[in-house]
Ligand SMILES: NC(=O)c1ccc[n+]([C@@H]2O[C@H](COP(=O)([O-])OP(=O)(O)OC[C@H]3O[C@@H](n4cnc5c(N)ncnc54)[C@H](OP(=O)(O)O)[C@@H]3O)[C@@H](O)[C@H]2O)c1
């Protein structure tokens with residue numbers, strides 16, 4: 001199995017499919033990340049806020065996989081955006097991960113009420129230049145936030161990691177990003193299990209047609225849309241299931257039918273409300 005890669009605007013590449021660890025409890029993180037690495041995942045998405053960077057680091061160390069074969073993302077939390085706080089926060093994350101650099105470091109939310117996200121982005125540029133993050137990007141940024149950081153630094157984020165699933169495709173953000181060479185990472189790719197996505201007829205029909213699960217159909221849809229995804233699961237079986245996406249392809253009609261499931265509805269918070 002070969003996981004495709006996606007190239008960033010800075011020349012670096014990321015495995016298009018990874019494993020996310022939001023709501024994976026700290027005690028169980030090492031075991032499930034080790035399962036994921038043994039199954040074949042090479043891209044792990046964590047965050048300081050998830051409180052499980054140590055578990056991710058422990059799994060990486062135990063796996064014995066050479067560092068250069070792994071892609072590790074972590075994120076700067078909202079209360080560390082001001083002044084030189086981001087410089088301290090990355091050092092803390094690296095210590096917890098047991099790494100000397102991450103592959104991707106993200107500003108987790110714009111938190112506009114704090115007024116510090118442009119400063120945070122300037123500090124991420126310093127962190128990249130110091131070699132502590134190979135690539136830098138943002139998360140939950142709307143076009144207005146992207147415009148502000150690009151205007152301030154002339155550095156275009158490598159990615160914007162946003163809520164994106166068939167019911168909420170954020171065309172305004174994805175069009176803005178595509179025009180500027182910003183890759184889209186889709187968080188909550190399965191809708192976080194918060195609406196009956198798997199029962200939608202286009203998903204169920206494609207699952208029957210290809211002999212795959214509805215989750216595999218939705219993840220395959222993301223890959224064919226060009227999104228970078230890292231579904232989370234606490235179940236070793238589902239961890240393996242979510243990796244088994246490379247022996248089938250959705251037709252253009254199946255792809256379009258899933259696009260038609262857009263409902264304009266978030267399952268999580270609006271970026272301007274998380275501060
Ligand atoms: N930047 C941000 O603000 C942000 C926000 C949220 C998430 N994220 C990132 O995105 C990653 C993925 O998003 P997410 O975890 O929120 O949501 P998600 O991947 O859409 O959904 C996870 C849910 O789907 C279930 N699931 C996973 N695989 C399944 C399968 N094959 N069949 C049926 N159910 C399945 C999981 O349950 P089980 O665990 O029981 O299998 C869990 O309840 C996170 O882990 C995190 O790395 C980023």
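Just so you know, all these numbers are worked out from the coordinates, no wet-lab data involved. Here the structure is a predicted model, which means the values were calculated and not measured. Methodologically, a virtual Cβ is constructed for each residue, glycine included, from the backbone with ideal geometry; neighbour enumeration extends over all protein chains shown.
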Most packed first (mean Cβ within 10 Å per residue), the peptides 247-256, 15-24 order as 15-24, 247-256
Inter-part gap, Cα centre of the range 255-274 to Cα centre of the range 146-168, in whole angstrom, is 16
Over its alpha-carbon atoms, the chain yields an Rg and a Dmax in Å of 17.9, 54
The range 56-120, convex hull of Cα, quarter of hull surface, nm² -> 4.4
Over the chain, the sum of -39500 (n - 2.57) across DSSP H runs of at least four, divided by residue number and rounded to 500 deg cm²/dmol, gives at 222 nm -11500 deg cm²/dmol
The orientation-averaged projected area of the Cα convex hull of the range 113-183, in nm², is 5.1
Each label sits 7 Å from Cα toward the beta-carbon; between residue 61 and residue 39 the label points are separated, in nm, by 2.5
In degrees rounded to 10, the 0-90 angle between helix 214-225 Cα long axis and the longest Cα principal axis of the chain is 60
